[in-house]
Every structure is written in C-alpha cells, then in structure tokens.
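Colleague: Right, I'll just put the structure down here and ask away after.
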Amino acid sequence: MSLHSEINHANALQVGHLLADLLQASPAEMHLHFDEVSRLATAAASLLFPLMTAAYVRDTSIIIHRADPVLRGKLHELGLDRRLTYEDDPA
C-alpha cells in the first residue's frame, strides 16, 4: 500500500480504519510505503492504532518502507515501532 499526500489529524483516523479494513483477509504482511506522504508525524498514532490493532488480531506483520527520520522518531516515541518492521533506509 502506497500512501500519498498529507495525512493529518482530520483524516488520519479514517485512513487508519480503511487500512485496517484491508486486513479482513488476514494477509501475512502489510507493506506501507511513506515516500509520497508529505506530512504524518503528529498524526501517526491516529493512523496506526486501528491498523495495528487489526494486524495484531489477524497476526499480520506491518512492514514500513521509506519513512523519514521524523516519522520513525514519532513511531519510536509512541512505542509503535516495537510491532513494526522497517525494510529500507529512511526517505
């Protein structure tokens, strides 16, 4: 899944629920690409909490691609990176 544009507090929760809905089929992995996202750091929790809950229930791994250092720092600060895998260098 490649995310685009700005993800902010106004749309992050909705996007998170839409992503969580994609896990209905219980895939083994979900890959999220952040290289086209212009801003996310402060909305990371709203986006990822519903997705990570669904992933945990379905035993789906979330793999992050091209997250910039600010986003990685926010994920670490929130403790979310304990359940995430990074597969490449920051954007």
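Please treat every number below as a calculation from the coordinates, not as lab data. Just so you know, these numbers come straight off a predicted model, no measurement behind them. Glycine also receives a Cβ, built like all others from the backbone with ideal geometry; neighbour counts cover every protein chain displayed.
Colleague: Given an 8 Å cut-off on Cα distances and at least 6 residues of separation, report the relative contact order of the chain as a percent.
Modeller: The value is 32 percent.
Colleague: What is the sum of charges around T53, taking Lys and Arg as +1, Asp and Glu as -1, for the other residues whose C-beta is under 15 Å from the C-beta of T53?
Modeller: +1
Colleague: Here's another thing I want to ask about it. How far apart, in nm, are two points set 7 Å out from the Cα along the Cα-to-Cβ line at S38 and at D88?
Modeller: With each label point 7 Å from Cα toward Cβ, the separation is 2.1 nm.
Colleague: Using the Kirkwood radius over C-alpha pairs as Rh, can you work out the diffusion coefficient of the chain via Stokes-Einstein at 10 °C, viscosity 1.306 mPa s, in µm² per second?
Modeller: The diffusion coefficient I find is 124 µm²/s.
Colleague: Once the Cα atoms of helix 12-21 and of the chain are each reduced to a long axis, what angle between those two axes, in degrees from 0 to 90 to the nearest 10, is obtained?
Modeller: For 12-21 against the chain, the angle is about 30 degrees.
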